[in-house]
Structures are given as C-alpha cells and as structure tokens.
Amino acid sequence: PERLPPGLYEWEMARLATHKAELATRQGRDLDAKLHAREAIRLFEVNGDRWSGLNPLMQLGAACLNLREYQAARETFLEALAFIEELGDRQKAFVLRWLGLVDLQQGNLERALDYCRAGLREAELIGDPNITASCLGVCAGIAAQAGQPERAARLSGAAQALYARQRRNAWEDSSLETLLPGWSTGPDHATLAAAYAAGQALPVEATVALVLGE
C-alpha cells in the first residue's frame, strides 16, 4: 500500500480479486469465487470505478448459478443488466444469455426463450458470433426440456458448428448426449442425426431468423 497512490492500491487489489474469482470458477470452487467477486466489487466501489465492477458482478452471478442459488443469480444478473442499460456496454447480450440460462435451469422455459431471443438480437447488433452460438445452445436446451427433440438437435448442431468456426470451446454443454440422453440408441436416432446435421449446415443467419421469427 505504501508504494502506490491512494485509490490505485484498492483498484489493483480489486483487479487481482477479479482474477482470483475467475480462476476459482474455472477450478470449480464456486464458494471461493463468490467471496473473491464480492471483494472485487467492494474494492471497485471504494475506488469509485463502478464500470470495472461489472466483470466481478457477472462472475458473482455465475458462481451463484453454479451453486443453484437461482434467486441470487437472477438478482445479480438483473443488477448487471440495469447497470449496462444505464451506462451502455457490449455485454448486454451476454447478460441476457445468462438470465436465459438461469430460467432454463429453473424450468421457466418461456421466459428463458424470451431472454435468449433478446440476447440473439443484441449479439446480432454488435456482431458477436460467440454469444450467438451460446444463445443458440441455450435455446437447444430449452427445446429439449420442452419436449421438442428435433428442434433441440437442429439448434445444437447450429451452436456447435458456430463455435467450431470461431475455434472456441462451447460456454455450455449443448451436445446431443447431454440434451437428449440415449438418443443414439433410440428409435428416433436417424431423425435426430439428420436434424443435427441440418443445423450444422444451415447458415447461422437463417437459424437465428427461425428462432426470432417464431
């Protein structure tokens, strides 16, 4: 502390706490991630840098979701969304995707789909294919829970293909094995495989248009 000007020390410690939260999340230590994220938010507030507090706020929401603290996760992401609406930021699409994922895990499928559609629109505006792929992956999960296996397979194929084109790992597990357990040995194997292949081959713009146009 004595080597840095007042305020800069807190800002640097907040940045380190943010990285610690991210590392803890990647290691599956979600309780530690919550603690580090909250400390980062507190230190950024002390420093007066509200903007930099957005990242740890997102990490806090992710940790709560991983711990199945759904109400806390939802409130955290809504706070992040309100913050973005106030100041403006490209992460709005990402926050909407997270809110959709929270509702999906709670079984609130209609609201989850609304959030994902809004996320797709925002991702289209900023030209972010990774968020587009993630929203499509969450939409695939929604379709699977809604009892629409062919739709789930098509969206899964579209999401996986888009991730592959970006050479990025998927942010969520939207594989057919996860969404439709036992699909490969079921009676609809051929139909689902064809739907998955169709999703991979369909231009992403057409897939997004199908989701948004329903």
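So Ala146 fits all but one of (1) at pLDDT 90 or above; (2) buried (at least 16 other Cβ atoms within 10 Å of the Cβ); what number is the exception?
Just one mismatch for Ala146, condition (2).
Could you list, in sequence order, the residues of region 44-65 that are among the hydrophobic types (A, V, I, L, M, F, W, C) and either in contact with a Ser or Thr (Cβ under 7 Å, 6 or more places away or on another chain) or within 12 Å of Phe83 (Cβ to Cβ) (or both)?
Scanning region 44-65 gives Phe44, Trp51, Leu54, Leu57, Met58, Leu60, Ala62, Ala63, Cys64.
Please work out if Leu16 is out of contact with any helix residue (DSSP H, G or I) (no Cβ under 6 Å at 6 or more places or on another chain) and not β-branched (Val, Ile, Thr).
Values: out of contact with any helix residue (DSSP H, G or I) (no Cβ under 6 Å at 6 or more places or on another chain): yes; not β-branched (Val, Ile, Thr): yes.
Taking the combined requirement at face value, the residue satisfies it.
In the set Leu212, Leu155, which member is out of contact with any Cys (no Cβ under 7 Å at 6 or more places or on another chain), touching a residue at least 24 places away in the same chain (Cβ under 8 Å) and not small (Gly, Ala, Ser)? I'd like the intermediate steps shown before the answer.
On the way: Leu155 fails: out of contact with any Cys (no Cβ under 7 Å at 6 or more places or on another chain).
On inspection, the qualifying residue turns out to be Leu212.
Under 9 Å between Cβ atoms, which residue pairs at least 6 apart in sequence (or on different chains) link something in region 63-74 that is farther than 13 Å from Arg29 by Cα with a partner that is modelled with pLDDT under 95 and among the aromatic types (Phe, Trp, Tyr)?
Here the result reads Ala73/Trp98, each pair linking region 63-74 to a residue that is modelled with pLDDT under 95 and among the aromatic types (Phe, Trp, Tyr).
Hey, can you tell me all the residues within region 167-200 that are of a type outside the set (D, E, K, R), in contact with a helix residue (DSSP H, G or I) (Cβ under 8 Å, 6 or more places away or on another chain) and open to solvent by 70 Å² or more (accessible area, probe 1.4 Å)?
Answer for region 167-200, where residues must be of a type outside the set (D, E, K, R), in contact with a helix residue (DSSP H, G or I) (Cβ under 8 Å, 6 or more places away or on another chain) and open to solvent by 70 Å² or more (accessible area, probe 1.4 Å): Asn169, Trp171, His189, Gln200.
Assuming Asp49 fulfils every condition listed in (1) assigned to a helix (DSSP H, G or I); (2) without any contact (Cβ under 8 Å) to a residue 40 or more places away in the chain; (3) farther than 23 Å from Ala170 by Cβ apart from one, which condition is it?
Every condition holds for Asp49 apart from (1).
The values are calculated or read from the model by the stated rules, or taken from the named source; none is laboratory data. Computed from a predicted model, the values in this text were never measured in an experiment. All Cβ positions, glycine included, derive from the backbone under ideal geometry; neighbour counts span all protein chains shown. Note: areas computed on protein heavy atoms with side chains; ligands, DNA, RNA excluded. Shrake-Rupley method; radii C 1.70, N 1.55, O 1.52, S 1.80 Å.
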